[in-house]
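The values are calculated or read from the model by the stated rules, or taken from the named source; none is laboratory data. The structure presented is a predicted model; accordingly, all values stated were derived computationally and were not measured. A quick note on method: Cβ atoms are made from the backbone with ideal geometry, for glycine too, and the neighbour counts reach across all protein chains shown. Keep in mind that these areas ignore ligands, DNA and RNA; they rest on the heavy atoms of the full protein, side chains included. Shrake-Rupley method; radii C 1.70, N 1.55, O 1.52, S 1.80 Å.
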Amino acid sequence: MKADIILFNIGQLFCPLDENKPLRGEKLKEATILENSYIAIKDGKILEFGTKSYEKYIDDNTKLIDINKKVVTPGLIDAHTHFVFGGSREHEFALKLNGVEYLEILQMGGGILNTVNTTRNISFNDLYDKSSKILDHMLSYGVTTVEGKSGYGLDFDTEIKQLEVMKKLDHNHPITVVPTFMAAHAIPPEFKENRKEYIDLIINEMLPFVADNKLARYQDVFLESGVFTKEESLQILLAGNQYGLKARVHADEVKSLGGIDAAIEADAISCEHLMATTDEDMYKMSKKGIIANLLPATTFSLMKDTYARAKDFLKYDNIITICSDFNPGSCPSENLQMAMFLAVYKMKLTPIQVLNAVTINASYSVGLQDSIGSIKVGKQADLTIFDVPNIDYIFYNFGVNNVCGVMKNGKMV
Ligand code: NIG
Ligand code: FE
């Protein structure tokens, strides 16, 4: 078979180990790096790759692209973001600098609730345009697939508006968008005195509609002190399971409050943040195979030093990913490379571990492991090209965008 496109003269091709399972613990250190290599692409998929001759894949219609010794990796996957929202929250920056805690701002009616206000008041089209620009940025930083959460509506119409925006973007934008329903992100002001009624609204009205209209693939809750309790979270997640929505849990961001037990009971695919997770809970997550989505740029942005203990998660043989957590409050940066760089400098992971975390492991976190996340014949040609001589350089030369090209489904975008 002949190729439509061949990328040749690749300096280093980063190939995560793809043994039809995510990389746990020690395995995260492993990868194949092919020097002087090529990738042949046909119908948007990987036809072949390697270091031998690619002559046999060429005919008159094959387009040859010289990569000039740069680095190529699978398209980066950001498995945790909140990228669809109205407004911004730079006014919180001064509070943060003055030592006001993230949860205190929320308690004062700001934080997430501030963004709820601006998201309720923005039109569908404006929200679409704003979110589309954010995806453009993400793409420029090498991201080809993004998980995105609702949770800035906290009412029926706005939650659905956020999910509809993601659906339309998934259709129109080169980036693949994996939607998560997260009405359990905070208790809206109008239900402050009646939490139970809001939870009923999620379970009885929002969840059935979201499921019937296939507007989300996952559900998520913010299990934290002053937000949703373990019992409330579990009630919502179990209800979502009835509708086929697999759970994700924002757990142990500030305090360890039984979020991991809730995630286990709800058969969650992943837990998020995990800055305060105990050793015992790390062990439990590993036993159950729950993916740890670690978000170092959030810790950084919150001006804390309590980074999730990535190495300990690995010691307990866990599956970890690194994600941006892009959102207007606790992490206003859509640059996944920022989180990747912090994973190296603050969590002391190696470049190979981080690249595995944002490719093969992240593909499992978003449930798309059959089509993306590694360099494998038959997988989608989603590729990120870094203008650097080797993979270490991506992290060594920090603070700049090292990405110079992105391919999505076999097309340069
Ligand atoms: O993952 N922690 C909860 N949710 C988001 C922040 C949302 C916000 O502050 O707007 C997070 O950090
Ligand atoms: Fe989050």
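Quick notes on this one:
- GluC sites (Glu not before Pro) lying in DSSP loop within segment 9-84, provided at most 11 other Cβ fall within 10 Å: 19
- Net charge over other residues, Cβ less than 11 angstrom from the Cβ of residue 75 (K, R count +1; D, E count -1): 0
- Debye intensity ratio I(q)/I(0), log10, segment 76-143, q values 0.18 Å⁻¹ (C-alpha model): -0.82
- Pairwise label distance in nanometres, residue 69 with residue 377, each label 7 Å out on the Cα-Cβ vector: 3.1 nm
- Square roots of 5 times each gyration tensor eigenvalue, C-alpha, the chain, largest first, Å: 36, 22, 20
- Lys/Arg +1, Asp/Glu -1 at C-beta; the chain dipole; positive extreme among 410, 94, 160: 410
- Accessible area of residue 171 (1.4 Å probe, protein heavy atoms only, ligands and nucleic acids ignored): about 150 Å².
- Where the chain is the region considered: accessible area per residue in Å², 1.4 Å probe: 39 Å²
- Reachable lysines from residue 192, criterion Cα separation under 23 angstrom, eight or more residues apart if same chain: 149, 161, 230, 255
- With a simple spin-label model that places each label point 7 Å from the Cα along the Cα-to-Cβ direction, the separation between residue 58 and residue 20 comes to 3.6 nm.
- Think of each Lys and Arg Cβ as +1 and each Asp and Glu Cβ as -1; about the Cα centre, that makes the dipole of the chain roughly 960 debye.
- DSSP-defined antiparallel bridges as percent of all bridges, the chain, nearest 5: 45 percent
- Segment residue 91..residue 137, full-extension length gain: 14.3 nm, with 0.36 nm per residue of separation and the alpha-carbon distance subtracted.
- Shown here for segment 91-172: GluC sites (Glu not before Pro) in loop regions (DSSP other than H, G, I, E, B) with at most 15 other Cβ atoms within 10 Å, namely 101.
- Nearest-10 value in Å² for the accessible area of residue 290, using the 1.4 Å probe: 0 Å²
- With a Förster radius of 45 Å applied to the C-beta separation of residue 167 and residue 29, the computed FRET efficiency comes to 0.75.
- Fraction of accessible area attributable to carbon and sulfur, the chain (%, probe 1.4 Å): 50 percent
- Taking label points 7 Å from Cα along the Cα-to-Cβ direction, residue 350 and residue 193 give a separation of 6.0 nm.
- Stokes-Einstein D in µm²/s, Kirkwood radius over Cα pairs - segment 203-299 at 10 °C with 1.306 mPa s viscosity: 118 µm²/s
- For segment 225-286, a simple Cβ point-charge model (Lys and Arg +1, Asp and Glu -1, everything else neutral) yields a dipole of about 200 debye relative to the Cα centre.
- Accessible area per residue (1.4 Å probe, heavy atoms of protein chains only) ranks 270, 88 as 88, 270, with the largest value leading.
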